[in-house]
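Comments concern the structure below.
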Amino acid sequence: MSSYQNPPFRFLHLKVTGSTNDDALELASKTAPSDGFCLFTDFQTGGKGQYGRKWQSETGKNLLASYIFQTSFLRLEDIFCLHLMASLSVYHHLASQGVEGLKIKWPNDLLASGQKIAGILIQNSMRAHSLVHTIVGIGINLNQDQFSDGLEAVSLKMLTGKESDLSAQAESLYYQLMQRFELIRSGQWMEMLPEYNDLLAGAGSLAACETSEGNLFQATLKWVDREGKLWLESEGKLQSYSFGSLRIRLLDQNQI
């Protein structure tokens, strides 16, 4: 990992907001915040998850944060490096606090022994087909100890028995993100891909798959490539899928 010395953690704490990602996008469009500038809140009225789902969280219990990065130097074909940065940063952030059984569910949810503990939503701002800045939205279940029926989720408190301070968690995660963002800036981001694949939930196991067109099939998860495409093997043939074109459900819970 880079020996780069990160600048101090800078942040804005909001009691209540609609979405920290929306707030960060607006802030980045009007100002020039430093890389890693963080907005976090006690409660979101319109928190977003993948596939347009809402992110559920009790007030003041969990980390609901968005980090701003200037990414105009990044080629569009390398954009998956931001997912590598975010998912591996959350992984190491949680692992350093004693969470075991962590896996990355493609493309960047974090599971602890098969239960969701964190989610990531990355939004990019573009101008003339080029990146301008990127918002990395991260939700981590910290102090919440009850979740809706049917929601397979777990929190840091449930796993460690310890309460967490939201501000301290946001700052610790900032340093993890900045270490990996420096790899991206220095052109060394491919170093993160093998570790990501080592942590891929269900790698080598069978999954039930559904394409965006509604086609259902079973396939073995193989790996994720540098573009973020998931490679599957079905009936002896390899096929890759972009995020958003496929939903998967792992059939072997022991491999999650």
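Residue-wise test of (1) within 29 Å of residue 252 (Cβ to Cβ); (2) loosely packed, with under 15 Cβ neighbours inside 10 Å; (3) in contact (Cβ under 8 Å) with a residue 40 or more places away in the chain; (4) among the hydrophobic types (A, V, I, L, M, F, W, C).
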position	(1), (2), (3), (4)
135	no, no, yes, yes
144	yes, no, yes, no
147	yes, no, yes, yes
151	yes, yes, yes, yes
200	yes, no, yes, yes
206	yes, no, yes, yes
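Looking for whichever is more than 24 Å from residue 12 (Cβ to Cβ), among the aromatic types (Phe, Trp, Tyr), modelled with pLDDT of 95 or more and in contact with a strand residue (DSSP E or B) (Cβ under 6 Å, 6 or more places away or on another chain) here; the options are 67, 91. Which one fits?
On the way: 67 fails: more than 24 Å from residue 12 (Cβ to Cβ).
Result of the check over 67, 91: 91.
Among the residues of region 93-133, which ones are acidic (Asp, Glu) and buried (at least 16 other Cβ atoms within 10 Å of the Cβ)?
109 - this is the single residue of region 93-133 that is acidic (Asp, Glu) and buried (at least 16 other Cβ atoms within 10 Å of the Cβ).
How many residues does region 71-114 hold that are of a type outside the set (Phe, Trp, Tyr) and not in a helix (DSSP H, G or I)?
Narrowing region 71-114 to residues of a type outside the set (Phe, Trp, Tyr): 71-72, 74-79, 81-90, 92-105, 107-114.
Now drop any that are not not in a helix (DSSP H, G or I), which leaves 71-72, 74-75, 79, 96-105, 107-114.
Of the residues in region 71-114, 23 are of a type outside the set (Phe, Trp, Tyr) and not in a helix (DSSP H, G or I).
Would you be able to tell me the number of residues in region 71-95 that are polar (S, T, N, Q) and out of contact with any Ser or Thr (no Cβ under 8 Å at 6 or more places or on another chain)? Steps first, answer last, please.
Of the residues in region 71-95, the ones polar (S, T, N, Q) are 71-72, 87, 89.
Next, only the ones that are out of contact with any Ser or Thr (no Cβ under 8 Å at 6 or more places or on another chain) stay: 87, 89.
Of the residues in region 71-95, 2 are polar (S, T, N, Q) and out of contact with any Ser or Thr (no Cβ under 8 Å at 6 or more places or on another chain).
If we keep just the residues of region 203-246 that are among the basic types (Lys, Arg) and in contact with a Phe, Trp or Tyr (Cβ under 8 Å, 6 or more places away or on another chain), which is farthest from residue 76 (Cα to Cα)? Lay out the reasoning, then the answer.
Taking region 203-246 as the starting set, the residues that turn out to be among the basic types (Lys, Arg) are 222, 226, 229, 237.
From what is left, the residues that are in contact with a Phe, Trp or Tyr (Cβ under 8 Å, 6 or more places away or on another chain) are 222, 226, 229.
On the way: 222: 24, 226: 12, 229: 14 Å.
So the residue we want is 222.
I need the full set of residues from region 86-107 which are under 11 Å from the mean Cα position of the chain (by Cα) and within 18 Å of residue 204 (Cα to Cα), in order please.
Within region 86-107, 104, 105, 106, 107 qualify.
Among the residues of region 14-47, write down those that are of a type outside the set (A, V, I, L, M, F, W, C), part of a strand (DSSP E or B) and within 15 Å of residue 137 (Cα to Cα). Write out each step before concluding.
If we filter region 14-47 for residues that are of a type outside the set (A, V, I, L, M, F, W, C), which is where we start, we get 15, 17-23, 26, 29-31, 33-36, 41-42, 44-47.
Within this subset, residues satisfying the condition of being part of a strand (DSSP E or B) are 15, 17, 41-42, 44.
Answer for region 14-47, where residues must be of a type outside the set (A, V, I, L, M, F, W, C), part of a strand (DSSP E or B) and within 15 Å of residue 137 (Cα to Cα): 17, 41, 42, 44.
The values are calculated or read from the model by the stated rules, or taken from the named source; none is laboratory data. Remember, it's a predicted structure, so these values are computed and weren't measured experimentally. Neighbour counts run over all protein chains shown; Cβ positions are idealised from the backbone, glycine included.
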